[in-house]
Amino acid sequence: WLVDVHLKFKLHEETFFLAVDIIDRYLAVTRVTRSQLQLVGVTAMLLAAKYEAIWAPEVKDCIHISANTYTRDDILKMERSITAALQFKLTQPTPFPLLARLLEVTDADQATRHTAFFFLEHAVLDYKHLHHLPSQLANSALYLANVMLRKPDAWPYTLSYYSKSQAHEFRHCAKE
């Protein structure tokens, strides 16, 4: 559902990854009922969009996208709850800009870009990847793309240099 919201609002990829991070961090410190999960998701997307996007959706758009399940006050209350629980620390490193930078420095082709982002997006959807650092997720996504596309060197010197990582340092993440 969150992916659909992201696509419907035509937000940047950075916004999606930040929203997922906000949700994960909020749920780590606050107990939420199942009926409030959608409210947390749409509010996290709104917060992330306010931070990352030039044109963030309006609260009325969030109400509409959640099928009028929540009111304006519900969303604004949740926004205050999330920002307070996170102590207004919305910015966190996410794997997206790290992967984008690695793709840029290696002048990656479209197939590599799409495959790497596929692996990264898959990792974001799986709870077991929460314990990995954003850099490990980004490195693993590109490493796996290079392996899948049968590149002669899945982790060349350029990637080691710019990521400051060797393949053995994120191998466990890539295996997962």
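The values are calculated or read from the model by the stated rules, or taken from the named source; none is laboratory data. Note that the structure is predicted; figures quoted are calculated from it, not measured. FYI the Cβ positions are ideal-geometry reconstructions off the backbone, even for glycines, and counts take in every protein chain you see. Side chains included, ligands, DNA and RNA excluded: accessible areas come from the protein's heavy atoms. Shrake-Rupley method; radii C 1.70, N 1.55, O 1.52, S 1.80 Å.
What are the ³J(HN,Hα) values, in whole Hz, obtained from phi via the Karplus relation 6.51 cos²θ - 1.76 cosθ + 1.60 with θ = phi - 60°, for each residue of the range 163-176 in sequence order, with x given for Gly and Pro?
8, 6, 9, 9, 4, 5, 6, 10, 4, 4, 4, 4, 5, 5
List, in the order given, every pair from Lys10/Lys89; Lys10/Lys60; Lys10/Lys128 whose Cα-Cα distance in the structure shown is over 20 Å.
Lys10/Lys89; Lys10/Lys128
How about the range 9-76: which trypsin sites (Lys or Arg not before Pro) there are in a DSSP loop, with at most 12 other Cβ atoms within 10 Å of their Cβ?
Lys10, Arg31
Along the positive direction of the dipole of the chain (beta-carbon charges: Lys, Arg +1; Asp, Glu -1; about the Cα centre), which of Thr43, Ala167, Ala138 reaches farthest?
After comparing all options, I get Thr43.
Distance between the C-alpha centers of the range 107-133 and the range 141-176? Whole Å please.
So the separation of the two Cα centres works out to 12 Å.
Are there trypsin sites (Lys or Arg not before Pro) in the range 74-119 that DSSP marks as loop and that have at most 11 other Cβ atoms within 10 Å, and which are they?
Lys89
Step through the residues of the range 51-58 one at a time and calculate ³J(HN,Hα) from phi using the Karplus curve (6.51 cos²θ - 1.76 cosθ + 1.60, θ = phi - 60°), rounding each to whole Hz and writing x for Gly and Pro.
Listing the rounded values in order: 7, 9, 8, 6, 10, 7, x, 8 Hz.
In Å², and per residue, what accessible area does the chain have when probed at 1.4 Å with the other protein chains present?
Using a 1.4 Å probe on heavy atoms only, each residue of the chain averages 60 Å².
Quick one: Karplus J couplings for the range 148-155, per residue in order, coefficients 6.51, -1.76, 1.60, θ = phi - 60°, nearest Hz, x for Gly and Pro?
Ordered by residue, 3J(HN,Hα) equals 5, 8, 6, 5, x, 10, 5, 9 Hz.
Taking DSSP loops as anything outside H, G, I, E and B, show the longest stretch in the chain free of chymotrypsin sites (Phe, Trp or Tyr not before Pro) there with at most 12 other beta carbons within 10 Å.
Counting at most 12 other Cβ atoms within 10 Å as exposed, the longest clean stretch of the chain is 89-176.
Note down the nm distance, to one decimal, between modelled labels 7 Å out along Cα→Cβ at Val32 and at His12.
Spacing of the two 7 Å Cα→Cβ label points: 2.3 nm.
Rg and Dmax of the chain over Cα atoms: what are they, in angstrom?
Looking at the chain, its Cα Rg and Dmax stand at 17.5, 56 Å.
Which of the GluC sites (Glu not before Pro) across the range 48-94 are loop residues per DSSP, with 15 or fewer other Cβ within 10 Å?
Passing sites in the range 48-94 are Glu58.
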